[in-house]
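The values are calculated or read from the model by the stated rules, or taken from the named source; none is laboratory data. Treat the numbers as computed from the prediction; the structure is a model and nothing was measured. Note: ideal-geometry Cβ built from the backbone for every residue, glycine included; neighbour counts use all protein chains shown.
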Amino acid sequence: MFIKIALLLVFFAVFIFVGIKCRSVSRNVSGYVLGGRTVGPWLTAFAYGTSYFSAVIFVGYAGQFGWTFGIASTWIGLGNAFIGSFMAWAVLGRRTRIMTQHLNSRTMSDFFGKRYGSSALKTASSAITFLFLIPYTASLFNGLSRLFRMAFSVDYAVCVIVMALLTAVYVIVGGYMATAVNDFIQGIVMLAGIVAVILAVLSRNGGFMASLTAMSEIQSETVSMKGAFVSFFGPDPLYLLVVVLLTSLGTWGLPQMVGKFYAIKNEESIKIGTVISTFFAVVVAGGCYFLGGFGRLFAEPASVLSQGYDSIVPSMLSGLGDVLIAVVLILVLSASMSTLSSLVLTSSSTLTLDFINSFRKKPSSEKKDMLTMRFFVAVFIAVSAIIAIVQAKSSVTFIAQLMGISWGALSGAFLAPFMYGLYWKKASKASVAVSFSFSVVVMLCQLCISLKLFSAGNGIAGFIFKNSLYSGVFCMLSGLVIVPFVSLFTRKTVPEGTDEMFSCYDAKVLVPVKDVLTDSAE
């Protein structure tokens with residue numbers, strides 16, 4: 001117990017110290033929200049990775065999908081690495097940095113407003129961001145609380161309140177730069193921690209090959225195939241593909257993820273950051289899902305049925321020594337705090353700059369915006385904490401449901417409008433509005449179905465609304481079709497000045513000869 005408490009106190013002290021040291025960078029809106037657009041590749045890459053992977057992944061998704069797919073759940077982690085990290089950086093990173101600086105946009109909602117020339121889209125997207133990030137944040141509290149109860153037997157509400165207060169302090173004081181520096185520290189802990197935990201857990205069953213042999217003898221409830229949980233694509237390949245798409249492609253439309261590209265320093269930082277972020281995702285995401293794939297060796301079907309999927313990973317870790325339990329706590333706390341800080345900063349900034357300021361008749365001062373953002377950081381954390389505590393006593397007890405609805409709504413609404421906004425001049429305002437409306441309505445229907453307020457029935461509707469993961473992927477893929485299709489019939493709503501907006505990609509820059517060869521003999 002002394003080791004656990006000592007490590008936690010050191011961890012908390014570092015967080016607060018970093019927040020205080022980063023005050024100087026956070027004296028204006030640009031510094032508070034984007035770190036002055038001077039964040040280097042290592043900090044940006046780790047900020048991206050640690051915001052991506054949290055207690056939701058480690059406790060919720062790794063447990064649920066490891067139980068469902070067995071070792072094949074590792075594909076989810078690899079999808080996160082190469083689609084959610086590598087391709088996201090390659091496709092969105094550079095263009096996002098250039099276009100957002102050209103338009104002087106500081107949030108995703110601000111980008112929509114300026115790129116499509118519509119204050120209504122700016123306001124609507126900021127409202128969607130705020131509303132759907134709340135259940136995502138509540139799910140972080142839920143996952144973390146299970147591990148704290150396992151290690152300390154501490155009441156759930158106490159865990160939530162302590163975590164909320166700590167996050168509020170360093171985000172309010174230090175802003176984006178504080179979260180980026182802390183994310184780097186947390187990322188190092190996560191890399192080392194996940195490797196140590198995997199080795200320790202597998203050793204309890206005689207090592208990797210012995211664990212794999214034991215998994216091969218477990219019979220799947222859904223297919224008659226022997227060794228389904230050690231097969232290449234698991235017992236349900238279609239469902240596996242759905243999960244890979246939601247958790248990987250979904251990051252392309254999440255404001256807290258895309259926002260990392262706004263703040264990156266330069267071209268070289270993007271190249272280096274792409275490699276670092278991908279490596280980080282392979283180790284952390286791949287490791288989490290790989291570990292979760294052995295969950296059936298540590299949990300009984302009856303206990304999972306009664307306690308939910310979120311109990312699987314804690315049951316895998318409960319037999320480890322005190323030092324490793326402390327490492328796991330710091331690992332998951334690192335993952336959760338980094339994601340939470342990113343969420344609250346994204347939500348408070350878009351609510352202040354894009355929603356509230358859109359209703360003001362006169363532009364507000366920098367000082368007033370800073371005070372408002374810091375106030376809403378506290379409000380957002382408080383509301384999420386209250387929802388998490390209330391949700392723990394309700395029938396919605398598993399993390400993946402809340403996570404899926406949030407990801408589905410946000411990514412479904414924003415992915416296509418954002419990507420087409422970076423690459424296609426003819427994307428129209430009307431198509432963006434349809435994309436927003438379509439995804440929000442579909443995911444609200446999914447929420448009602450998940451709460452058993454009504455049934456989706458059979459057929460195509462039953463397949464789409466099978467769970468929040470299916471409907472979330474449906475929204476994302478539909479958006480990629482909706483935006484170009486609707487744009488073809490609503491050309492009058494294509495904003496003026498798109499040629500000038502896209503001129504930022506053609507601006508001339510001087511490049512050193514050491515980087516580019518020339519035809520000149522001089």
Within the stretch 329-346, is even one residue surrounded by fewer than 22 Cβ atoms within 10 Å (Cβ to Cβ), under 19 Å from A192 (Cβ atoms) and at pLDDT below 90?
yes
Could you check the stretch 450-459 and list, in sequence order, the residues that are closer than 18 Å to P135 by Cβ and surrounded by fewer than 16 Cβ atoms within 10 Å (Cβ to Cβ)?
L451, K452, L453
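If the requirement is being assigned to a helix (DSSP H, G or I) and at pLDDT below 85, which of these qualifies: V223, V201?
V201
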I'd like the full set of residues that are farther than 22 Å from L103 by Cα, of a type outside the set (V, I, T), modelled with pLDDT under 75 and within 18 Å of the chain's Cα centre (by Cα), limited to the stretch 15-57.
S54, A55
If I filter the stretch 233-284 down to residues being touching a Phe, Trp or Tyr at 6+ places or on another chain (Cβ under 9 Å) and not in a helix (DSSP H, G or I), which single residue comes out as modelled with the lowest pLDDT?
A263
From L371, L340, L320, residue being touching a helix residue (DSSP H, G or I) at 6+ places or on another chain (Cβ under 7 Å) and in a helix (DSSP H, G or I):
L340
Can you tell me which residue among V432, V442 is surrounded by 20 or more Cβ atoms within 10 Å (Cβ to Cβ), within 18 Å of G250 (Cα to Cα) and without any contact (Cβ under 8 Å) to a residue 40 or more places away in the chain?
V442
Of all residues in the stretch 460-485, which are over 21 Å from V243 (Cα atoms) and either surrounded by fewer than 20 Cβ atoms within 10 Å (Cβ to Cβ) or touching a His at 6+ places or on another chain (Cβ under 8 Å) (or both)?
P484, F485
Consider S435 against the criteria (1) over 20 Å from T247 (Cα atoms); (2) modelled with pLDDT of 85 or more; (3) within 23 Å of the chain's Cα centre (by Cα): it satisfies all of them except one. Which criterion is unmet?
(1)
Neighbours by Cβ (under 7 Å, 6+ apart or cross-chain): first from the stretch 335-359, free of Cβ contacts under 8 Å to residues at least 24 places away in the same chain; second not in a helix (DSSP H, G or I):
N357/S364
Test P301 against the stated conditions and say whether it is in contact with a Lys or Arg (Cβ under 8 Å, 6 or more places away or on another chain) and either of a type outside the set (A, V, I, L, M, F, W, C) or buried (at least 20 other Cβ atoms within 10 Å of the Cβ) (or both).
no
Only one residue in F130, F112 is out of contact with any strand residue (DSSP E or B) (no Cβ under 7 Å at 6 or more places or on another chain), buried (at least 23 other Cβ atoms within 10 Å of the Cβ) and of a type in the set (A, V, I, L, M, F, W, C). Which one?
F112
Just give me the residues in the stretch 59-92 being closer than 15 Å to K271 by Cβ and surrounded by fewer than 24 Cβ atoms within 10 Å (Cβ to Cβ), in sequence order.
F86, M87, A90, V91, L92
